[in-house]
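S.K.: Just dropping this structure here.
The values are calculated or read from the model by the stated rules, or taken from the named source; none is laboratory data. Because the structure is a prediction, the values reported are computed rather than measured. Here the Cβ is made from the backbone with ideal geometry for all residues, glycine too, and neighbour counts use every protein chain on show.
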Amino acid sequence: MPSTHARNTYLANAVASAPRERLLTMLYDALVNNIAVAEDALGRKDFYTLNERLLRAQEIVLVLRGSLKPEIWSGGPALMSIYDYVYKLLVRGNVHKDRRALSDARKVLEPLQAAWHIAADQVLAERATHPDGAGAALSA
């Protein structure tokens with residue numbers, strides 16, 4: 001198993017070299033993964049791991065929330081509400097050891113995760129097709 005330092009270095013390099021469209025998908029992947037690991041930890045009554053993973057998940061939701069500019073996109077306010085709701089579910093899941101709250105959070109996030117992956121793939125494909133910027137409308 002790789003050392004923590006080696007893993008952190010790899011992750012730092014992956015993030016630093018990722019196209020900006022992939023950064024969002026990486027956050028969603030980490031968010032959903034942390035919730036899934038927390039659900040498993042709750043089932044095993046491993047409250048240390050549960051707390052650790054849910055704190056990470058909460059941090060990611062705060063990053064997503066903080067990077068959202070709801071005033072520039074008609075769907076922005078609704079997405080902000082979703083982030084607020086998911087954050088509350090994660091806190092409830094952690095404080096009350098509420099399995100349903102964690103399951104509900106994951107079920108809300110998984111379709112968003114899939115949608116952002118599709119959007120990132122489309123933007124990157126468009127950029128590859130039009131490297132001169134002719135497809136810039138998709139990446140704006």
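S.K.: So which residues in the range 2-45 are modelled with pLDDT under 95 and of a type in the set (D, E, K, R)?
M.R.: Result: R7, R20, E21, R22.
S.K.: Here's a follow-up. Within the range 96-121, how many residues turn out to be surrounded by 13 or more Cβ atoms within 10 Å (Cβ to Cβ), in a helix (DSSP H, G or I) and of a type in the set (D, E, K, R)?
M.R.: Residues in the range 96-121 being surrounded by 13 or more Cβ atoms within 10 Å (Cβ to Cβ), in a helix (DSSP H, G or I) and of a type in the set (D, E, K, R): 5 in total.
S.K.: Ok, one more. If you go through the range 42-95, how many residues are surrounded by 11 or more Cβ atoms within 10 Å (Cβ to Cβ), among the charged types (D, E, K, R) and assigned to a helix (DSSP H, G or I)?
M.R.: The qualifying residues number 8.
S.K.: List pairs: first in the range 115-131 and closer than 15 Å to M26 by Cα, second surrounded by 14 or more Cβ atoms within 10 Å (Cβ to Cβ) and modelled with pLDDT of 95 or more, Cβ under 6 Å, 6+ apart or cross-chain?
M.R.: Cβ pairs passing all conditions: W116/T25; W116/Y28; H117/T25; A120/T25.
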